[in-house]
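Novice: Below you will find the structure I want to go over with you.
Since every read-out is calculated from the coordinates, none of them should be taken as a lab result. Small disclaimer: the values here were computed from a predicted structure and weren't measured. Cβ atoms come from the backbone with ideal geometry, glycine included; neighbour counts cover every protein chain shown.
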Amino acid sequence: MKQYSAKRSIQILAHILKQYGIDKVIISPGSRNAPLAIHFSEIDAFQCYSIVDERSAAFVGLGIAKSIRKPVAITCTSGSAATNYYPAVVEAFYHNVPLLILTADRPVDFVDIFDGQTIRQKNLYQQHSYGDFELLEDAEEGADDHNFETVKKAVELCIEKSGPVHINIPLAEPLYNLVDELPFFPRVEPSIRKKNYEMPSTLIADWNISKRILILAGTLAPNPELETQLAQLVKNHTVVVLTETNSNLAHEKFFAHIDRYVTDFSETDYYTYAPDLLITIGQNVVSKRVKQFLRKARPTKHWHIDEHWQPDTYNALTQKIETKPQVFFAQLLKSVNLEPRPFFNLWDVLKDKKDAKHEQFLKKAPYSDFYLFYQLSKHIPENYKIHFSNSSAIRYAQLFDFQKHDVYCNRGTSGIDGCTSTAMGFAMMEDDPTILITGDISFFYDINGLWNRYIPPYTRIVIFNNGEGNIFKIIPGASETNALDEYIATQHNRNAESVAKTFGFDYTKVEEEITLDRVLPNFFKPNPKPKILEVMTAGCNNADVLKQYFSELK
């Protein structure tokens, strides 16, 4: 027999989530949120997942939301549990991933009287959420009407803004009273407004008079419609399209390896290759080199196209276009001149030159992090979806061809803290296999990302273990300080073998090139358990290899 929570606030909450199709709930253990755990787990419409560590749980929810592209609910007990959600909340805020945060709380009059597990939870995420709400306890006057409207508003805001929204839920004891039947609640009438966009005629005029049009794509979810539209724009060499690995856009006439092409730009080059019209789409751009180029180039006009964010990243923003890129380009293509422009050929000559030097370096690249990424780009089967961790991993990925895969990375805040948890949450939802490619520091930081019994056996993790945060030997400045090894790069001699065993992963360690070349093809074969491949590169002078690569591109 089903047993539901007797708390009407929880009954209303679940009813409304069900009406909006929010059916994935990540539950972390606790007593104060027991009514939510009991209630959601008893309703067939919800799929519930138990993740103990709240910091990991929130990132798992974020990964699920990235996969299914709709809101995911996460719920925890009161006190410090709620604060552990914050890293994922910030990532979701800047990356526009819809998380509905349900924090159980002590009654309002318990705050600041030193009762156990009681902090100031109301508005806890105010700086990094799209809305902060609090429900009334059942006994308060007008609680049902207030809670119904509050939850409805919160859910619609989460959907509309595609980002984190917080509902704080004070719950008085008793917490474990149950009922075997649910009351009737009215059907929810959605009131989300549909946004319409009409392109101003001035933009069409600006496009037609521009001689040097450059489109830069940052972080984007896979979008075949947008990819087709941009392909039309480059067909006749009308524009230059620069993409990144996690732009998820592929075409033979796109320029997919920005750092290859702009790495050694001189002051003259900044002018030579500068656009007069810059159009940016997507969110966070990984390449520091392209940011430096465009800030120095100072295009005459800069349009940014995004539903949610309009950042002046290049100190040149002239037009904020608040819509989806595919909506904008659908209208643009009907009206503008698509004649060839010499600007494309200028960039194409540069591309051919740099690509040739890239291929020359690959022939002599030694065993190293660089070599590993080259091999991965050749061996990962096409049906795999790739998650890159932050720091070195996503930067190495920029240099190689991963365009045949859907690619993901937590670039909202670019932190290493939840990369594994996010990838595992994503993997839980996918029929196709997921591979996480991660550095050692990122992996060990988020070990609890593997404390998850829902990880499919076809999941793969590749760790490149260079024994430190090697990124700090790549970026300028850090290597000049005596604090580098111990306090910045944090050198270590750990490996992941015991971690893999603890969490039920098959494990293989590689320490040199011949073994890597032999092991890598077999790594993707079916197996009853998920697999970890750890590639040890601590003695390889990885930073020097990468610096030599960029030096030989000149």
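Novice: Among V90, V241, what is the fewest-to-most ranking by other Cβ atoms within 10 Å?
Specialist: Listing V90, V241 from fewest to most nearby Cβ atoms yields V90, V241.
Novice: A further question on this structure: Here are some pairs, K324/K378; K385/K509; K70/K195; K320/K547; K122/K324; K291/K357; which of them have Cα atoms lying more than 27 Å apart in this structure? Intermediate results must be reported in sequence, preceding the final value.
Specialist: Details: K324/K378 33 Å; K385/K509 23 Å; K70/K195 18 Å; K320/K547 37 Å; K122/K324 33 Å; K291/K357 23 Å.
Over 27 Å apart, Cα to Cα: K324/K378; K320/K547; K122/K324.
Novice: Here's another thing I want to ask about it. Distances longer than 48 Å among the Cα atoms of the chain: what percent of all pairs is that? Walk me through the numbers before you get to the answer.
Specialist: Numbers: 24202 of 153181 pairs.
Here the long-distance tail beyond 48 Å is 16 percent of all Cα pairs in the chain.
Novice: Given H placed 1.01 Å from N in the peptide plane, which residues other than close sequence neighbours of I279 have an amide H under 5 Å from its amide H?
Specialist: L214, I215, L216, W303
Novice: Let me ask something additional. How do the peptides 401-413, 199-211 rank, highest first, by the average count of neighbouring beta carbon atoms within 10 Å per residue?
Specialist: 401-413, 199-211
Novice: Neighbour counts of other C-beta atoms within 10 Å: give me F503, F426 arranged from fewest to most. Let's see the in-between values first.
Specialist: Values: F503 19, F426 24.
Listed from fewest to most nearby Cβ atoms, that is F503, F426.
Novice: In addition: Under 15 Å Cα to Cα from K501, which aspartates and glutamates show up? Leave out anything in the same chain fewer than 8 places away.
Specialist: Those aspartates and glutamates meeting the cut-off are E534.
Novice: I've got another one for you. Can you give the translational diffusion coefficient of the range 4-173 in µm²/s, computed by Stokes-Einstein from the Kirkwood radius over Cα pairs at 37 °C and 0.692 mPa s? List each step's numbers first, then the result.
Specialist: On the way: Rh = 15.4 Å.
D = 213 µm²/s.
Novice: What is the calculated FRET efficiency for K194 to A143, with r their C-beta to C-beta distance and R₀ = 35 Å, to the nearest 0.05?
Specialist: Working: r = 32 Å, r/R0 = 0.91.
The formula returns an efficiency of 0.65 here.
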